[in-house]
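Q: Structure in structure tokens, see below.
Where a number appears in this text, it was derived from the coordinates with a stated rule and is not lab data. Because the structure is a prediction, the values reported are computed rather than measured. We place every Cβ from the backbone using ideal geometry, glycine too, and count neighbours over all the protein chains shown.
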Amino acid sequence: MNQKIYITTAIDYVNSVPHVGTAYEKIGADVLARFFRLRGFDVRFQMGNDEHSVNVQKSAKEKGLDPKAYCDQMRPQFEEVWKRLNISNDQFIQTSEQRHHKAVSALFQKIYDAGDIYPKEYEGWYCESCEAFYTEKDLEEGLCPNHKKKPKWLQETNYFFKLSKYADFLLKHIQDNPHFIVPEKRRNEVLQFIKGGLEDVSVSRSSFDWGIPLPIEKDHVVYVWFDALINYITGIGFGSDDKLFSEWWDNRVLHVIGKDITRFHCIIWPAMLQSAGVALPDQILGHGFVYLKGEKMSKSLGNVVTPLDIINKYPEFGVDALRYYLMRGSSFGDDGDFTWDGFIERYNSDLANGFGNLVSRSLGMVNRYQSGELAPLTTEALSHAVLKNAASAGEKIIALLDPQNKPEVAFHSALEEINAYIKEIDQYIDQTAPWTLAKEGKSAELSVFLTTAFEAIRNVSVLLFAFIPGSVQKVWEGLGFESIQKLDSISYSDLSNLPFIKSTHKIPSDKMALFPRIQAPKEEPEAKQVPVQSKEDDKLISIEDFLKVDLRVAEVLQAEKVEGADKLLKLQIALGDEKRQIIAGVAEHYTPEEMLGKSVIVVANLKPATIRGIESNGMLLAAKKGKKKFSLIGPIAEMPSNAKVG
């Protein structure tokens, strides 16, 4: 019997369509679902919509709709986005469904029967955008930590859950199970929060009626967060199908969520389950955010990029290009950054010049030299390193992606391993020089080379399938591999199952435009009337402009690489007694060790910027000539830190 794993994502509010940050979570969970299928697991993968909220009720009213009708209308819009992103979820749940009402009532009753629900007058801060209650210590300068708005002071009689009762249990469980919460930074944040003291939490609302009525008092509805968490067990039959529930909940359970909702999932949810006598999930993976040019995407800020913006702009390859870009940028537990320039650069370097070019050049050679036919390899040829190394690449990917017993999921590192393997195949092609073999009439050697190259492409396809399934499907069918083995039956174990091509094989495609290069768009400046100036005048600034720049000598105290960014170092510098952090694009020229103790010149009065989700306060000065000659600028004579330059 195959091992089983149940994977869930956070469910989404339905009052706005998904943006790239939302897609980041779903794509990551989908890669994991496909990864486990490739390992032979039975996978159940659930997503859905969170519908019992004040904001949903407001949106429905604005459109003149009943809330349920509005939610049913929004569901296909979400499902269409996920379908176009090739998300392979088995189930989609709405919290307005009757089966969910039944499950919520059943779990609530169990918690009530355990003596953990009681009524109380509530007074406190409530953020309508988060639909969450906050204490004074949660707020940042009196504002919601997520939306930077002042929450409302709420007064009403609610029912409360005795969360404080479970503080010791939660501490022990998290400490005894170090990989219950990953990555480690999320685990540490949760532990610190619990150690700071837990307060009982409201689990009902009496001021509106769009929700699930409490089984103990029909004038109250279940608070949206308490309701929403229960979707994970609704989808596998809690309260309606005990056999189905046991089949999936008694095996591996992995929740994939955003870092902003770890408190609900890592503290309140486990306590609810413990109170009701239900086993806890195995693992909760809290991923980072995707920023847009350093800012969190927000409908209110008007800086949202949606998946459809990218898919519609590049209909032939945009889906897999986006999937690849988001998974390649940084560790899943850390914050990433979306920029159009970065998207195009990554696409061209890794997909167009990497996998796409490998397939294209190999197709060209087999059609040019052997009329598209491949002969099976001899036993001796099967031992070539470029084929044998695929199995070890597969083992590395399994170690990097399976979050069990380790502190993170490293999609970006797995893709680095696959790119390294693609480069190895490219080197094999260049070193073998098939064009020379053809010129010299060495047809036997040429035949061995070409079949080896296509066996290797098959291996790359298996390794990439979880990440870019649509493109791999195109390659699999275009190279005729579907006639040898169905794509939906492949697994990592097949990487060592050689030969794949067991008899003469005809490649059906003459060519394949898998990932055509994107030309970065050039922004045209807006036409406007300006005074006529010479080119030399354009280069000149006034002394007043120069005096605005505050240049200082600084000493580098610490240096480390920025995760997932090849060019960036995170530096801690000293300006006299002041300590600052600067993100500098010098990693291609200086190692972190070389930076330690350096005296550098910095622009000290530059406005702070957020780069890769990390704040940077200042900029280093450097001189550059071409691509290789690069040098940081520092004082010639020994100067104290914070000495003014100019």
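Q: Using Cα positions and a limit of under 16 Å, work out the aspartates and glutamates in reach of Lys423, with same-chain residues fewer than 8 apart set aside.
A: Within the straight-line limit of under 16 Å, Lys423 reaches these aspartates and glutamates: Asp350, Glu455.
Q: Can you put Lys68, Lys644 in order, fewest other beta carbons within 10 Å first?
A: Working: Lys68 14, Lys644 10.
Ordered from fewest to most neighbouring Cβ atoms within 10 Å, Lys68, Lys644 come out as Lys644, Lys68.
Q: Rank-order 93-101, 263-271, 360-368 by packing density, defined as the average count of other C-beta atoms within 10 Å over each peptide's residues, highest first.
A: Working: 93-101: 19.9, 263-271: 21.9, 360-368: 17.7.
In descending order of packing, they fall as 263-271, 93-101, 360-368.
Q: Using the Karplus curve 6.51 cos²θ - 1.76 cosθ + 1.60 with θ = phi - 60°, work out ³J(HN,Hα) for each residue of the range 339-345 in order, rounded to whole Hz, and write x for Gly and Pro.
A: 9, 5, 4, x, 4, 5, 4
Q: At 7 Å along the Cα-to-beta-carbon direction for both Asp138 and Arg75, put a label point, then send me their distance in nm to one decimal.
A: About 3.0 nm, to one decimal.
Q: Continuing with the same structure: Once phi is turned into ³J(HN,Hα) by the Karplus curve 6.51 cos²θ - 1.76 cosθ + 1.60 with θ = phi - 60°, what whole-Hz value does each residue of the range 153-163 show in order, with x for glycine and proline?
A: 7, 10, 10, 6, 8, 10, 9, 10, 9, 6, 5
Q: Still on this structure, I have one more. Determine, for Met47, Met512, Met74, the number of other Cβ atoms within 10 Å of each Cβ, and report the residues in order from fewest to most.
A: Placing the least packed residue first, the sequence is Met512, Met74, Met47.
Q: For Gln558, enumerate residues with amide H under 5 Å from its amide H, sequence gap 5+ or separate chain, H modeled in the peptide plane.
A: For Gln558, whose amide H was placed from the backbone, the distant partners under 5 Å are Gln572.
Q: Of the beta bridges DSSP finds with both residues in the chain, what % are antiparallel, to the nearest 5?
A: Of the beta bridges lying entirely in the chain, close to 65 percent run antiparallel.
Q: Once the mean 1/r over all distinct Cα pairs of the chain is inverted, what Kirkwood radius in angstroms do you read off?
A: Numbers: mean 1/r = 0.0357 Å⁻¹.
One decimal place: 28.0 Å for the Kirkwood radius.
Q: Out of all DSSP beta bridges in the range 223-345, what portion is antiparallel? Express it as a percent rounded to 5. Display every interim value, and only then the final one.
A: Values: 2 of 10 bridges.
Around 20 percent antiparallel, to the nearest 5.
Q: Let me have the 222 nm mean residue ellipticity of the chain computed from DSSP H runs of 4+ only, each contributing -39500 (n - 2.57), with the sum over all residues rounded to the nearest 500. Walk me through the numbers before you get to the answer.
A: Working: 22 runs with 239 residues, N = 646.
After summing the helix terms and dividing by residue count, I get -11000 deg cm²/dmol.
Q: Hey, what do the phi angles of the range 359-366 turn into as Karplus ³J(HN,Hα) couplings, whole Hz, using 6.51/-1.76/1.60 and θ = phi - 60°, x for Gly and Pro?
A: 5, 5, 5, 5, 4, x, 5, 5
Q: Also, quick follow-up: Using the alpha-carbon centroid of each, what span in Å lies between the range 296-375 and the range 78-127?
A: Answer, in whole Å: 35.
Q: Same structure again: 5 Å is the cut-off here: which amide hydrogens, built 1.01 Å from N in the peptide plane, fall below it relative to Ala643, excluding neighbours closer than 5 in sequence?
A: Val553
Q: Write down the Kirkwood hydrodynamic radius of the range 387-528, to one decimal in angstroms, obtained as one divided by the mean of 1/r over all alpha carbon pairs.
A: Values: mean 1/r = 0.0576 Å⁻¹.
Mean inverse Cα-Cα distance, inverted, gives 17.4 Å.
Q: Moving on. Under a 5 Å amide H to amide H cut-off, with H placed in plane at 1.01 Å, what residues pair with Ser240 once short-range neighbours are removed?
A: Result for Ser240 returns nothing.
Q: Could you list Leu401, Leu575, Leu606 so that the one with the fewest beta carbons within 10 Å of its beta carbon is first and the one with the most is last? Walk me through the intermediate numbers first.
A: Details: Leu401 21, Leu575 18, Leu606 14.
Ordered from fewest to most neighbouring Cβ atoms within 10 Å, Leu401, Leu575, Leu606 come out as Leu606, Leu575, Leu401.
Q: Under 26 Å Cα to Cα from Lys162, which lysines show up? Leave out anything in the same chain fewer than 8 places away.
A: Lys102, Lys110, Lys120, Lys137, Lys152, Lys172, Lys195, Lys218, Lys259
Q: Let me ask something else about it. Defining a contact as two alpha carbons under 8 Å apart and six or more residues distant in sequence, what relative contact order in percent does the chain show?
A: Here the relative contact order equals 13 percent.
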